[in-house]
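The values are calculated or read from the model by the stated rules, or taken from the named source; none is laboratory data. Predicted model, so just to flag it, every value in this text is computed and none were measured. Neighbour counts run over all protein chains shown; Cβ positions are idealised from the backbone, glycine included. For accessibility, only protein heavy atoms count, side chains too; no ligands or nucleic acids. Shrake-Rupley method; radii C 1.70, N 1.55, O 1.52, S 1.80 Å.
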Amino acid sequence: MSAPVIHSSHWGAFTAQRVENELNIIPFSADPDPSPLLENFTDALTHPARVTQPMVRRGWLEEGPGPDDRRGADEYIAISWEQALDLAAKELQRVAELYGPQAVFGGSYGWSSAGRFHHAQSQVHRFLNTTIGGYVRSVWSYSSAAASVILPHIVAPQDEISRRGVSWREIAEHSDIILAFGGLALKNAQVASGGMSEHTERGYMKQAARRGARFISVSPLRSDLPDAAAGEWLPITPGTDAALILALLHTLYQHGLTDEDFLARYCTGWPTLVRYFQGEADGIVRNAAWAEAICGIPASEIITLAQRLHGRRVLVTVAHALQRAQHGEQPVWLGLVLASALGQPGLPGGGYTYALGALGHYGKAFNRVSFPSLPQGKNGVEALIPVARIADMLLHPGEPFQFNGVERHYPHIRLAWWAGGNPFHHHQDLARLRRAFCRLDTLIVHEHSLTATARHADLILPATMTLEREDVGGAPTDRHLFAMHPVAKPHGEARDDFAIFRDIAARLGKEKAFTEGRNVREWLQHLYQQMQQKLAEIDHPVPDFDHFWQQGVLTLPQVDDGGRLMRRFRADPLANPLPTPDGKIQIFSAVIDRFAYADCPGHPVWREPDEQPNPLHPLWLIANQPAPRLHSQLDYARYSAKHKQQGKEVCLMHPEDAAAREISEGDIVMLHNARGALLAVVNLSVNIKPGVVQLPTGAWYDPVDPKAERPLCRHGNPNVLTRDIGTSSLAQGCSGQITVIQAARFTGDAGPVQAFSPLIPAATRE
Ligand code: PGD
């Protein structure tokens, strides 16, 4: 048994103690509502799905770098670290010399692990900047690209509206109605990148509900609103919230319930939107009856809801999920317009807040000083892609694409370097993604576990888990800073991402540039001292690093200024304008209008997604965030595994849809569409809107035939079905949240799930 040590993760802080091959995990004592995801650490360390040694793909080793259709279906050869580091250094040098850093994709999107120093993506970026002078980067996130791009045009940067938006404390004290488009699921709020030591959302919801606040969740799934909120469920057809909000606006306007003074003083473009929802140009009146046919909510309920909102302190929230779909910019925009039409922005507990509850960071107080991140150096490459356009980039080098008012061209990438992400989890249309990765000369992946991404790599480099290294854990909205002590030695031959990069940098003659002469402990001390200095400047002395390291936790001073931007704007819009062209909320945006995008015009609109249920694929699929793990992380571990049935992911279906297909509770079903198919176990529930199936993301991709045009994943990864298109020409965000499918009972034999099997090398290279 090892000594207990303190540690931190994206889903909570804890004390860990090694008992033989398992970990005993005790949640952080100050956490009022610890996440059950902590259980995923108990059996992860030595699981057979860990990567234990460096490996090289046979085709790449024998035939050299180049496009290769065998990726994902080839054998691997075990190699020594010396060989692996030499191969990686030589290949990076080759590509940089022949094509320059603009042929290297270092976007390396992914959540990796908590720990400020070992943040894998930052390590990749620093490594490529300091060794070859840069890399092609990706911008924004799979979480919220559409919102991240549109919010600055119409109101303010996303951080102001989400992280510094209306706080949970204000909601508990002031809101009358919380109208949550996409709900406020606690499974989402239990995680926060960087860490989250106090889970307070459930407590705040209970407090608000006890005071009489009414939570109304608009979602196809009842489970998107926790019991703690004691709220109401308004089941809606997926992807149609924009139509519902337009009808609410129409109803408010027709009944004289809009706050015209607020709209005139604080907003630009309301008359344009009024003309639109009244159908002046096209004769389509966007009223409650019109919306009923689109979103499946009776017109009478839409009218009643509009009337209930009037005269109350209303907070409108829009979840990330809504904008992770074609035209996802529209509900984000319209949520803001609805709050404005009710005259709420800037009132305590009222107005608009984007993505509240979508992450544990939102609606919280802020640290006055945060732990610094690893400096990344200077990237000398201009080229970038919106993060979810990775497959487009690899499949269409040199071709133009639109992005936020600018025409850009996809660079020609030869080498992609990934650490801390799992594109075969996070990207859409996985068969297309495989074809795209097959175009590369080389794919290098650092992983601690054998994800499908690792199994497509040319070089697999085994990385440590946080549990095996020292780091500092913290996030800007978490008042606790943790000294993360290692609880175990690295598994097999695993090494830290930093150590891997240091040794490759050394082979390129750039070790000093990469490390600045510091080892891990010295980096932690250096970063800590920077924070200590800043805290001293605001008269908040903290102990030196050694004391912090010994005591394990430090409490940082915070400021609770949620909603400040809007409050000041409301108080005096001339003195405190918003960071928009005329300082007001943009119901019409002249800037977006000038881009002349048919799929995202100058005012918010309803645009029907071009994929609709049809006779071949009559059901909607919602591919949302999973409850028993963070994304795809540790999918093999105890808590995640407990939530599978017959070793497969579980999907939810309405009994009527099941009966129509002779499907029963617990059956294995095949969900399929034109892009692929998957197997999952079905659970039946009336807590899902008829016509909708829900399957969370994160089951590791396990194709029966990896090279198939339409692969069958026998484990239940929904991204085999989702569509790889941008949200619109404006944001080009991920549209993976919804798609259309057919479902059928599966009685065949697809073999056992092999996603977590060890990768046995075919040979060892001497
Ligand atoms: P994770 O499973 O967190 O998913 O996509 P993301 O790629 O972030 O992947 C992180 C990987 O990093 C894991 O494989 C883990 O093992 C590895 N890792 C962890 N720590 C380390 C480390 O220290 N070093 C190294 N080298 N590796 C490490 C998430 C993305 O998926 C996100 S953010 C969202 S919001 C999207 N959500 C959806 C969705 O709702 N619906 C669909 N259909 N698709 C989505 N994809 C997106």
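Looking at Ser217, Ser223, just one residue is free of Cβ contacts under 8 Å to residues at least 40 places away in the same chain and of a type in the set (Ser, Thr, Tyr), and that residue is Ser217.
State whether the residues of region 686-700 include one that is within 23 Å of Pro423 (Cβ to Cβ), away from the ligand (no atom under 16 Å from the Cβ), in a loop (DSSP other than H, G, I, E, B) and touching a residue at least 24 places away in the same chain (Cβ under 8 Å). No: region 686-700 contains no residue that is within 23 Å of Pro423 (Cβ to Cβ), away from the ligand (no atom under 16 Å from the Cβ), in a loop (DSSP other than H, G, I, E, B) and touching a residue at least 24 places away in the same chain (Cβ under 8 Å). Tell me, please, whether a residue that is surrounded by 24 or more Cβ atoms within 10 Å (Cβ to Cβ) and either more than 16 Å from Leu248 (Cβ to Cβ) or touching an Asp or Glu at 6+ places or on another chain (Cβ under 8 Å) (or both) can be found in region 271-285. For region 271-285, residues surrounded by 24 or more Cβ atoms within 10 Å (Cβ to Cβ) and either more than 16 Å from Leu248 (Cβ to Cβ) or touching an Asp or Glu at 6+ places or on another chain (Cβ under 8 Å) (or both): absent.
Checking each residue in region 84-109 for being closer than 21 Å to Phe498 by Cβ, touching a Gly at 6+ places or on another chain (Cβ under 9 Å) and not in a helix (DSSP H, G or I) picks out Val104, Gly106, Gly107, Ser108, Tyr109.
Being at pLDDT below 95 and either within 16 Å of the ligand (Cβ to nearest atom) or within 20 Å of Ile585 (Cα to Cα) (or both) is not true of Gly115. Scanning region 301-310 turns up at least one residue that is open to solvent by 10 Å² or more (accessible area, probe 1.4 Å) and in a loop (DSSP other than H, G, I, E, B).
For region 424-443, indicate whether the set of residues that are more than 16 Å from the ligand (Cβ to nearest atom), of a type in the set (Val, Ile, Thr) and either closer than 23 Å to Phe127 by Cα or modelled with pLDDT of 95 or more (or both) is non-empty. For region 424-443, residues more than 16 Å from the ligand (Cβ to nearest atom), of a type in the set (Val, Ile, Thr) and either closer than 23 Å to Phe127 by Cα or modelled with pLDDT of 95 or more (or both): present. Tally time: how many residues in region 123-134 are open to solvent by less than 10 Å² (accessible area, probe 1.4 Å), under 24 Å from Asp471 (Cβ atoms) and more than 11 Å from the ligand (Cβ to nearest atom)? Result for region 123-134: 3.
Determine which member of the set Pro711, Pro761, Pro703, Pro752 is more than 16 Å from the ligand (Cβ to nearest atom), farther than 30 Å from Ile294 by Cβ and surrounded by 22 or more Cβ atoms within 10 Å (Cβ to Cβ). Selected residue: Pro703, the only one of Pro711, Pro761, Pro703, Pro752 that is more than 16 Å from the ligand (Cβ to nearest atom), farther than 30 Å from Ile294 by Cβ and surrounded by 22 or more Cβ atoms within 10 Å (Cβ to Cβ).
Kindly state which strands (runs of 3 or more DSSP E) lie completely within region 11-83 and contain at least 3 residues that are in contact with a Phe, Trp or Tyr (Cβ under 9 Å, 6 or more places away or on another chain) and within 24 Å of Asp458 (Cβ to Cβ).
In region 11-83, the matching strands (runs of 3 or more DSSP E) lie at 55-57.
Scanning region 444-487 for residues that are away from the ligand (no atom under 12 Å from the Cβ) and in contact with a Pro (Cβ under 6 Å, 6 or more places away or on another chain) returns a single hit, Glu470. Condition first: surrounded by 22 or more Cβ atoms within 10 Å (Cβ to Cβ), under 25 Å from Ala505 (Cα atoms), in contact (Cβ under 8 Å) with a residue 60 or more places away in the chain and of a type outside the set (Asp, Glu). Can you find one or more residues in region 28-51 that meet it? Taking every residue of region 28-51 in turn, at least one turns out to be surrounded by 22 or more Cβ atoms within 10 Å (Cβ to Cβ), under 25 Å from Ala505 (Cα atoms), in contact (Cβ under 8 Å) with a residue 60 or more places away in the chain and of a type outside the set (Asp, Glu). Inspect all residues belonging to region 80-96 and state whether any of them is at pLDDT 95 or above, over 31 Å from the mean Cα position of the chain (by Cα), surrounded by fewer than 17 Cβ atoms within 10 Å (Cβ to Cβ) and within 16 Å of the ligand (Cβ to nearest atom). Yes, region 80-96 has at least one match.
If the condition is being small (Gly, Ala, Ser) and surrounded by fewer than 18 Cβ atoms within 10 Å (Cβ to Cβ), then region 591-609 contributes Ala596, Ala598. So, Ser144, is that one surrounded by 23 or more Cβ atoms within 10 Å (Cβ to Cβ), away from the ligand (no atom under 16 Å from the Cβ) and of a type outside the set (Val, Ile, Thr) or not? So Ser144 fails the test.
Taking the criterion of being within 10 Å of the ligand (Cβ to nearest atom) and not hydrophobic (A, V, I, L, M, F, W, C), the residues of region 412-423 that qualify are Gly420, Gly421, Asn422, Pro423. Right, Ala156: open to solvent by less than 10 Å² (accessible area, probe 1.4 Å), among the aliphatic types (A, V, I, L, M) and within 16 Å of the ligand (Cβ to nearest atom) or not? Spelling it out, it is not the case that Ala156 is open to solvent by less than 10 Å² (accessible area, probe 1.4 Å), among the aliphatic types (A, V, I, L, M) and within 16 Å of the ligand (Cβ to nearest atom). In the set (1) open to solvent by 10 Å² or more (accessible area, probe 1.4 Å); (2) over 23 Å from the mean Cα position of the chain (by Cα); (3) free of Cβ contacts under 8 Å to residues at least 60 places away in the same chain, Ala229 fails one condition alone, (1). Within region 531-550, the set of residues being under 20 Å from Phe366 (Cβ atoms) and surrounded by 12 or more Cβ atoms within 10 Å (Cβ to Cβ) comprises Met531, Gln532, Lys534, Leu535, Ala536, His540, Val542. Looking only at region 295-333, which residues are within 22 Å of Gly602 (Cβ to Cβ), among the aliphatic types (A, V, I, L, M) and more than 16 Å from the ligand (Cβ to nearest atom)? If the condition is that a residue be within 22 Å of Gly602 (Cβ to Cβ), among the aliphatic types (A, V, I, L, M) and more than 16 Å from the ligand (Cβ to nearest atom), then Val316 is the only one that fits. Within region 258-270, the set of residues being outside any helix (DSSP H, G or I) and buried (at least 19 other Cβ atoms within 10 Å of the Cβ) comprises Thr258, Cys267, Thr268, Gly269.
For region 551-587, filtering for residues that are touching a residue at least 60 places away in the same chain (Cβ under 8 Å), of a type in the set (S, T, N, Q) and open to solvent by 30 Å² or more (accessible area, probe 1.4 Å) leaves 3.
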